[in-house]
Amino acid sequence: MFFAIIFDMDGVLVEFRIDYMRLRRDIIDYLVSVGVPRSLLSIEDLVFTTIIKGISFLRRKRHFSKEDILRVLKKCNCIVESYEVKAAMELSVRDDAIETLSFLRSKGVKLALFTMNTIKVVEIFDAKKRFTHLFNVVVARKGTQILKPNRTFLASIVRELGAPVSKTAIVSDSPIDIVPARELGLTTIMISRDPERIRKARPHMLFPDFESFKEYIFSLYSESA
């Protein structure tokens, strides 16, 4: 039984599909255009890892002011958000996710939504099918803020929920969430069929799809009624 559950949005509550390779290329091309050496950047890195590398390089350049750095960050965020918004317009929240969240709320479980997408993207999903009202806490990206992987942000969510770590779980399809959550002491629940992701994450509990996770939740809380 969990006092609180933190849900990742992408890949768990919604099937969010972005052409990440194209997005990474666009970010790299832009950073190169403002003076970052292409050799410093890799198409294999996560988008925000690439942005961090680029900004770190630019900060060491004497003629780059704080205003210049903010301008570059703003442009990077615009590029990322354009991809996110386009993907969000084509998708909506899963019906069984709404059902599961509603069921958990009815059992008194506190819920948090934790996503690397911007609040604008969350609002687009919410306009299609209201779901944010089911969460006690919603944490979304502001600009190029780095939320994941970040154990500090997870710890702040747990505190805001007023939940003991030992009674809090996180549900995600990515090692980026699972690894820091496990280090923090949360119960980690992974929804994935990807052997490599599973190997990297080493979750406490594993489900191949949301349907099987839903069955577990309904069984767990129905038995305790």
Of LYS142, LYS148, the only residue that is at pLDDT below 90 and surrounded by fewer than 14 Cβ atoms within 10 Å (Cβ to Cβ) is LYS142
Please find, among ALA97, ALA127, the residue that is without any contact (Cβ under 8 Å) to a residue 24 or more places away in the chain and of a type outside the set (Ser, Thr, Tyr). ALA127
State all residues of segment 22-67 that are assigned to a loop (DSSP other than H, G, I, E, B), under 23 Å from the mean Cα position of the chain (by Cα) and either at positive phi or not hydrophobic (A, V, I, L, M, F, W, C) (or both); if no residue qualifies, say none. SER42, GLU44, ASP45
Single unsatisfied condition, VAL36 versus (1) out of contact with any Gly (no Cβ under 7 Å at 6 or more places or on another chain); (2) farther than 25 Å from PHE207 by Cα: (1)
Taking the condition of being of a type in the set (A, V, I, L, M, F, W, C) and in contact with a strand residue (DSSP E or B) (Cβ under 9 Å, 6 or more places away or on another chain), how many residues in segment 48-86 meet it? 3
Among the residues of segment 123-139 satisfying the criterion of being at pLDDT below 85 and aliphatic (A, V, I, L, M), which is surrounded by the most Cβ atoms within 10 Å (Cβ to Cβ)? ILE124
Filter result (within 24 Å of PHE131 (Cβ to Cβ) and acidic (Asp, Glu)) within segment 57-107: GLU81, GLU84, GLU90, ASP95, ASP96, GLU99
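The values are calculated or read from the model by the stated rules, or taken from the named source; none is laboratory data. Everything quoted here is computed from the prediction, not taken from an experiment. Because the Cβ atoms are built from the backbone with ideal geometry, glycine has one as well, and the counts that use them run over all protein chains shown.
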